[in-house]
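Working notes for the structure below.
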Amino acid sequence: MPSLTVDQITKLYRTGTEALSCVSFAVDPGTMLAVVGHNGAGKSTLLNIVSGLIRPTSGTVTTAVGRGRLMWAPQRTMVDWSLTVRQNIELVARLTRTPLSSVDRVLQLLDLDKVGSRQAEYISGGQLQRVQIGRALVADAAIYVLDEPTAGLDPAAGELVMEHLRERAAAGATVLVSSHDLDAVERTASDLVLLDEGRLRAHLPIQEFVRRAGATMKVSVVFAEPMPEPYPDRLATALPPEWALETDADRAALSVQVPLATGLRPVLAWLPPELEVRDLSAEKQSLRDVYLARYAERTPAPETVMVQK
């Protein structure tokens with residue numbers, strides 16, 4: 001049973017801007033779902049609706065969790081400026097009836113224990129971001145919704161936060177997180193939702209998304225000895241139509257670009273067995289690569305729409 005169901009959500013603002021249009025998807029427990037897309041794609045609006053901060057113009061959001069089991073961290077800084085760092089996080093713990101021992105755990109996790117007694121208005125922007133994240137993570141929630149949680153954090157802190165969210169999902173929670181850091185998303189999230197101009201373009205496991213988006217793998221081969229003269233032509237003749245071959249001028253190495261789904265075995269079978277291979281390496285295109293190549297423009301072509309059935 002899905003822990004979260006978004007059904008035909010549309011959001012039309014008074015200015016006439018349609019932020020979301022008929023967005024639908026469901027998320028199961030134990031899923032870390034990344035919400036990706038360009039600025040203005042509707043990510044924050046979607047997360048704010050899921051969190052209950054704003055109401056959709058039409059459509060519904062259904063959660064299979066009780067009151068207080070959804071925790072939210074917005075993109076904008078929203079802390080109690082007159083309270084200390086510890087008090088900010090402790091306030092949420094008390095409101096959610098969370099044991100106060102969790103406050104110390106979160107302070108240590110986010111490296112805030114050294115500034116726990118300082119008022120929020122006297123700490124750095126990065127530390128403020130951590131306080132906001134800490135307020136969301138202090139409770140043992142069923143659903144976590146975080147809008148750009150790594151924005152303003154140094155790389156090490158951002159990696160720590162994303163990894164902790166992955167662990168929460170592995171423990172059975174549902175995590176929704178928006179992020180422009182696609183490398184971190186690929187390392188930690190299991191699924192993604194791609195929004196463009198307020199419309200759902202894809203809802204898929206990340207690796208399936210990368211594969212369907214036409215990702216490739218570059219296989220580089222170095223031979224123990226330069227290939228004899230006929231071999232480059234023979235290899236080119238036997239090359240499958242969707243592969244691309246480059247041979248070094250000295251014939252001692254080559255590289256072949258293949259669809260990611262091809263795998264290494266067909267490439268090894270294509271190489272003549274009499275040629276001794278000294279070194280072989282493979283470099284796969286990442287989520288970031290395929291997104292920048294095919295989805296970075298404001299309106300993806302219709303044929304790129306890949307909604308999970």
- Among the candidates Q127, Q119, residue that is under 23 Å from L83 (Cα atoms), crowded, with 20+ Cβ neighbours inside 10 Å, polar (S, T, N, Q) and in contact (Cβ under 8 Å) with a residue 24 or more places away in the chain: Q127
- Message: Quick test for you: out of R97, R105, R135, pick the one residue that is modelled with pLDDT of 90 or more, open to solvent by 20 Å² or more (accessible area, probe 1.4 Å) and not in a helix (DSSP H, G or I).
- Response: R97
- Name, by its number, the condition in (1) open to solvent by 20 Å² or more (accessible area, probe 1.4 Å); (2) under 21 Å from Q132 (Cβ atoms) that does not hold for A64. (2)
- Message: Considering only the range 42-63, I want to know if a residue exists there that is in contact with a Gly (Cβ under 7 Å, 6 or more places away or on another chain) and within 15 Å of D196 (Cβ to Cβ).
- Response: yes
- Task: Within the range 141-157, identify whether any single residue is at negative phi, in contact (Cβ under 8 Å) with a residue 12 or more places away in the chain, open to solvent by 10 Å² or more (accessible area, probe 1.4 Å) and assigned to a helix (DSSP H, G or I), and answer yes or no.
- Result: yes
- Message: I need the full set of residues from the range 174-185 which are open to solvent by less than 10 Å² (accessible area, probe 1.4 Å) and of a type outside the set (V, I, T), in order please.
- Response: L176, S178, S179, A184
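Being on the phi < 0 side of the Ramachandran plot, in contact (Cβ under 8 Å) with a residue 40 or more places away in the chain, among the β-branched types (V, I, T) and in a helix (DSSP H, G or I) narrows it down to one of V175, V193, V185, so name that one.
Selected residue: V185, the only one of V175, V193, V185 that is on the phi < 0 side of the Ramachandran plot, in contact (Cβ under 8 Å) with a residue 40 or more places away in the chain, among the β-branched types (V, I, T) and in a helix (DSSP H, G or I).
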- Hey, does the range 34-57 have a residue that's hydrophobic (A, V, I, L, M, F, W, C) and open to solvent by 20 Å² or more (accessible area, probe 1.4 Å)? yes
- Query: Filter the range 67-94 for residues that are assigned to a loop (DSSP other than H, G, I, E, B) and open to solvent by less than 80 Å² (accessible area, probe 1.4 Å); which is modelled with the highest pLDDT?
  - Reply: L83
- Exactly one of S220, S255, S190, S179 is at pLDDT 95 or above and within 30 Å of H164 (Cβ to Cβ), and that residue is S190
- Query: If you go through the range 245-262 one residue at a time, how many are exposed (fewer than 13 other Cβ atoms within 10 Å of the Cβ) and either in contact (Cβ under 8 Å) with a residue 24 or more places away in the chain or closer than 25 Å to F209 by Cα (or both)?
  - Reply: 2
- Task: Taking A34 as the residue in question, decide whether it is at pLDDT 95 or above and either under 23 Å from the mean Cα position of the chain (by Cα) or assigned to a helix (DSSP H, G or I) (or both).
- Result: yes
- Message: Of everything in the range 267-284, what is over 30 Å from the mean Cα position of the chain (by Cα), within 30 Å of F209 (Cβ to Cβ) and loosely packed, with under 12 Cβ neighbours inside 10 Å? Give them in sequence order.
- Response: A269
- Task: Count, please, the residues in the range 248-282 that happen to be within 16 Å of P230 (Cβ to Cβ) and assigned to a strand (DSSP E or B).
- Result: 1
- Looking at the range 206-222, is at least one residue among the polar types (S, T, N, Q) and either touching a helix residue (DSSP H, G or I) at 6+ places or on another chain (Cβ under 7 Å) or under 22 Å from G40 (Cα atoms) (or both)? yes
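What residue, of R76, R86, R105, is more than 26 Å from the chain's Cα centre (by Cα) and of a type outside the set (G, A, S)? Spell out the reasoning first.
Values: R76 fails: more than 26 Å from the chain's Cα centre (by Cα); R105 fails: more than 26 Å from the chain's Cα centre (by Cα).
On inspection, the qualifying residue turns out to be R86.
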- Note on the structure: Out of (1) β-branched (V, I, T); (2) exposed (fewer than 15 other Cβ atoms within 10 Å of the Cβ); (3) at pLDDT 95 or above, the one T15 does not meet is (3)
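The values are calculated or read from the model by the stated rules, or taken from the named source; none is laboratory data. On a predicted model such as this, the values are computed, not experimentally measured, just so you know. So basically every Cβ, Gly included, is an ideal-geometry build from the backbone, and we count neighbours across all protein chains shown. The area values use the complete protein model at the heavy-atom level, side chains included, leaving out ligands, DNA and RNA. Shrake-Rupley method; radii C 1.70, N 1.55, O 1.52, S 1.80 Å.
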